[in-house]
1. Among the numbered conditions (1) more than 20 Å from ASP25 (Cβ to Cβ); (2) modelled with pLDDT of 95 or more; (3) aliphatic (A, V, I, L, M), tell me where MET110 comes up short.
2. I'm trying to understand the selection: among the residues of the stretch 64-103, which are more than 15 Å from ILE40 (Cβ to Cβ) and either touching a Gly at 6+ places or on another chain (Cβ under 6 Å) or touching a residue at least 40 places away in the same chain (Cβ under 8 Å) (or both)?
3. Provide a single number: the residues in the stretch 80-106 that are part of a helix (DSSP H, G or I) and surrounded by fewer than 19 Cβ atoms within 10 Å (Cβ to Cβ).
4. Name, by its number, the condition in (1) among the basic types (Lys, Arg); (2) crowded, with 17+ Cβ neighbours inside 10 Å; (3) under 21 Å from ASP37 (Cβ atoms) that does not hold for LYS74.
5. Every residue in the stretch 107-127 that is free of Cβ contacts under 8 Å to residues at least 24 places away in the same chain and either within 13 Å of CYS68 (Cβ to Cβ) or outside any loop (DSSP other than H, G, I, E, B) (or both), please.
6. Any idea which residue in the stretch 46-71 is surrounded by the most Cβ atoms within 10 Å (Cβ to Cβ), counting only those that are out of contact with any Leu (no Cβ under 8 Å at 6 or more places or on another chain) and within 20 Å of HIS125 (Cβ to Cβ)?
7. List pairs: first in the stretch 46-58 and in contact (Cβ under 8 Å) with a residue 12 or more places away in the chain and under 10 Å from ALA91 (Cβ atoms), second small (Gly, Ala, Ser) and surrounded by 12 or more Cβ atoms within 10 Å (Cβ to Cβ), Cβ under 6 Å, 6+ apart or cross-chain?
Amino acid sequence: MLKAIIAVTVLCLVSHSSIAANRDDILKGTEMWAPIDVRIVGKKAEIILPQKRITDRIYLSVIGAGVCTRLIAKPNSLDGIEEISVLNQFAYQGYVFEGGTELCKKLNKMPLGKSKEIYLLGFTHLH
């Protein structure tokens with residue numbers, strides 16, 4: 001019984017530290033957009049920005065030039081994240097990227113331009 005309690009405690013601490021690392025990495029990758037908050041809930045990340053409305057341009061920039069580009073410097077920065085929401089200051093409106101590390105790696109290999117934007121929007125839905 002004691003071994004089981006210790007095992008559960010260790011798993012909780014390890015998962016909590018990886019969530020904190022993901023949050024810090026996402027904050028670092030999006031600092032030029034000055035996010036109000038970054039929340040990690042399970043396999044989902046929410047980036048709350050100070051704008052009243054999130055446009056497709058803001059969304060494409062945050063994901064394409066911020067979150068995904070962070071993988072170049074730190075390849076494990078999105079480990080365990082499968083969905084990333086970019087939301088307005090009220091956390092009510094925005095866009096959701098239905099991808100994690102693998103899709104970001106593909107995006108990073110693509111040249112800048114419309115084809116990259118179209119590819120990214122193919123894995124996006126409205127919040």
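1. With respect to (1) more than 20 Å from ASP25 (Cβ to Cβ); (2) modelled with pLDDT of 95 or more; (3) aliphatic (A, V, I, L, M), MET110 is out only on (2).
2. Scanning the stretch 64-103 gives GLY64, GLY66, CYS68, THR69, LYS74, ASN88, GLN89, GLN93, GLY94, TYR95.
3. The initial filter retains those residues of the stretch 80-106 that are part of a helix (DSSP H, G or I), namely 101-106.
Still in the list and also surrounded by fewer than 19 Cβ atoms within 10 Å (Cβ to Cβ): 101-102, 105-106.
The number of residues fulfilling the criteria is 4.
4. Looking at each condition in turn, LYS74 falls short on (2).
5. Matches in the stretch 107-127: LYS109, MET110, LEU112, LYS114, SER115, ILE118, TYR119.
6. Per the criteria, the residue is TYR59.
7. Taking only residues 6 or more apart or on different chains, the pairs are GLU46/SER85; ILE48/ALA91.
The values are calculated or read from the model by the stated rules, or taken from the named source; none is laboratory data. Keep in mind the model is a prediction, meaning the values are calculated, not measured. For neighbour counting, all protein chains shown are included, and Cβ atoms are generated from backbone atoms with ideal geometry for every residue, glycine included.
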